[in-house]
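First comes the structure, then the notes that go with it.
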Amino acid sequence: MTRAEFMGRLRRGLVGMPAAAAADIASDYEIHFEDGLAAGRSEAEVAAALGDPDRLARELRAEAGAQRWHQEKNPSAAVAAIFAVLGLGAISILFLLPILMSVVGVLFGLFMAAIGVFIAGGAIMVAGPFAGFPGGPAAAILAGLGLMAGSTTLAALTAVLTIWLINGVVWFARLHYRLLKPALNTPTQDAAQES
């Protein structure tokens, strides 16, 4: 594979990453080619030593997604981290995706329940004193506040569980990458890394 082919496939694989990060990565791999050529190796040898550019791009995107999640901790970063992990390996995803979707469904259900209970608590607090709530107006207001506080607690716990889930997926991706990396390295890559 030539330098142009390798770099073209790598750049296509990095599409969707922030432009500055993708440019830095491409620049680093250009330097690998320059160093290899200066050492007397051919473009094909350097490309073979660097490995498959598509797999390399998936790994770099997964790592960038994980780093973004650890820095920002927002929904956008969470989605980016999860999709980056999904790009790492199709076989693992066949096992992980059903479990992940089930857990995401439960978390979404808990969050929707928290919203519903909060709205119901507000309605009881506002309408209860006028609707003849058992125990009188004070009981209606306290019952509404109690439901609203309980739903806020449920939403907070759901948020914590969601963060744990995302951290677990990122941990799985890193573990997956560390375990598979030695198996994915070819003998030419191992020889190139030793020299």
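The values are calculated or read from the model by the stated rules, or taken from the named source; none is laboratory data. All figures in this text were calculated on a predicted structure; none of them were measured in a lab. A quick note on method: Cβ atoms are made from the backbone with ideal geometry, for glycine too, and the neighbour counts reach across all protein chains shown.
For this structure, a couple of remarks:
- If you go through the range 103-146 and keep only what is within 40 Å of the chain's Cα centre (by Cα) and of a type in the set (Gly, Ala, Ser), you end up with GLY105, GLY109, ALA113, ALA114, GLY116, ALA120, GLY121, GLY122, ALA123, ALA143, GLY144, GLY146.
- Restricting the range 25-46 to residues that are within 29 Å of the chain's Cα centre (by Cα) and surrounded by 12 or more Cβ atoms within 10 Å (Cβ to Cβ), the residue that is farthest from VAL79 (Cα to Cα) is HIS32.
- Residues that are charged (D, E, K, R) and not in a helix (DSSP H, G or I), drawn from the range 27-46: ARG41
- ASP24 charged (D, E, K, R), over 18 Å from MET1 (Cβ atoms), outside the structural domain of GLN67 (by TED's automatic domain parsing) and in a helix (DSSP H, G or I): yes
Conditions (1) assigned to a helix (DSSP H, G or I); (2) of a type in the set (Val, Ile, Thr); (3) at pLDDT 85 or above, marked per residue:
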site	(1), (2), (3)
GLY128	yes, no, yes
ALA140	yes, no, yes
LEU147	yes, no, yes
LEU154	yes, no, yes
ALA159	yes, no, yes
THR162	yes, yes, yes
ASN167	yes, no, no
ALA173	yes, no, no
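- In the range 76-97, the count of residues that are among the small types (Gly, Ala, Ser), in a helix (DSSP H, G or I), at pLDDT below 80 and touching a strand residue (DSSP E or B) at 6+ places or on another chain (Cβ under 9 Å) is zero.
- Listed by first and then second residue, the pairs linking a residue in the range 148-159 that is within 11 Å of LEU110 (Cβ to Cβ) to a residue that is surrounded by 14 or more Cβ atoms within 10 Å (Cβ to Cβ), with Cβ atoms under 6 Å apart and 6 or more places separating them unless they lie on different chains, are SER151/ALA114; SER151/VAL117; SER151/PHE118; LEU154/ALA114; ALA155/ALA114; THR158/LEU107; THR158/LEU110; THR158/PHE111.
- Qualifying residue in the range 47-60 (condition: part of a helix (DSSP H, G or I), among the hydrophobic types (A, V, I, L, M, F, W, C), in contact with a Leu (Cβ under 6 Å, 6 or more places away or on another chain) and surrounded by 18 or more Cβ atoms within 10 Å (Cβ to Cβ)): yes
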